[in-house]
């Protein structure tokens, strides 16, 4: 399991990494991306295994070499380290929309499954609460 990761607003990232984003050559920045999948499952009422529905989500980063100070054997040494600055924005995944021909059906199925799952979990919670 991945460790907890803080979530920053776009303005916070722009402020914190202003120098690297405005001067990428100085920090040897390289554009990188990866695709992750957001998954949910469709609950089946007839006790069949749930159907898993996943949508691709692209994330874009600037990988930059920044100065750093590290402590080793009680001594501070200056060096450099690579950092990843996420620059994903609303346009990065614009192809995944409900009305898009390629993903439209999958997005609608995903949203419906999320709604059904939420309703299922609420019913389960209420049934458990009533049994107590």
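The values are calculated or read from the model by the stated rules, or taken from the named source; none is laboratory data. This structure is a prediction, so every number in the text was calculated from the model and none was measured. In this analysis, Cβ positions are derived from the backbone assuming ideal geometry, glycine residues included, and neighbour counts consider all displayed protein chains.
Among the numbered criteria (1) at pLDDT 90 or above; (2) over 15 Å from residue 61 (Cα atoms), which single criterion is violated by residue 21?
Tallying (1) at pLDDT 90 or above; (2) over 15 Å from residue 61 (Cα atoms), residue 21 fails exactly one: (2).
From the set of residues in segment 47-82 that are farther than 14 Å from residue 110 by Cα and touching a residue at least 40 places away in the same chain (Cβ under 8 Å), which is farthest from the chain's Cα centre (by Cα)? Before you say what the answer is, go through the steps one by one.
As a first pass, look at segment 47-82 and keep what is farther than 14 Å from residue 110 by Cα: 47-49, 58-82.
Next, only the ones that are touching a residue at least 40 places away in the same chain (Cβ under 8 Å) stay: 62, 64, 66.
Values: 62: 15, 64: 20, 66: 24 Å.
Per the criteria, the residue is 66.
From (1) within 26 Å of residue 29 (Cβ to Cβ); (2) outside any strand (DSSP E or B); (3) at pLDDT 85 or above, pick out the condition that doesn't hold for residue 95.
Of everything listed in (1) within 26 Å of residue 29 (Cβ to Cβ); (2) outside any strand (DSSP E or B); (3) at pLDDT 85 or above, residue 95 misses just condition (3).
Would you mention how many residues in segment 1-41 are under 28 Å from residue 109 (Cα atoms), loosely packed, with under 12 Cβ neighbours inside 10 Å and in contact with a strand residue (DSSP E or B) (Cβ under 9 Å, 6 or more places away or on another chain)?
6
Exactly one condition in (1) surrounded by 13 or more Cβ atoms within 10 Å (Cβ to Cβ); (2) touching a residue at least 12 places away in the same chain (Cβ under 8 Å); (3) touching a helix residue (DSSP H, G or I) at 6+ places or on another chain (Cβ under 9 Å) is false for residue 106; which is it?
(3)
Against the conditions (1) assigned to a loop (DSSP other than H, G, I, E, B); (2) within 22 Å of residue 111 (Cβ to Cβ); (3) under 23 Å from the mean Cα position of the chain (by Cα), where does residue 44 fall short? Just the number, please.
In the conditions (1) assigned to a loop (DSSP other than H, G, I, E, B); (2) within 22 Å of residue 111 (Cβ to Cβ); (3) under 23 Å from the mean Cα position of the chain (by Cα), residue 44 misses (3) alone.
Here's a check for you: in segment 42-74, which residue that is exposed (fewer than 10 other Cβ atoms within 10 Å of the Cβ) and at pLDDT 90 or above is farthest from residue 103 (Cα to Cα)? Write out each step before concluding.
From segment 42-74, those exposed (fewer than 10 other Cβ atoms within 10 Å of the Cβ) are 45-49, 67, 69, 71-74; that's our starting set.
Then keep just the ones that are at pLDDT 90 or above; that gives 67, 69.
Working: 67: 42, 69: 46 Å.
Per the criteria, the residue is 69.
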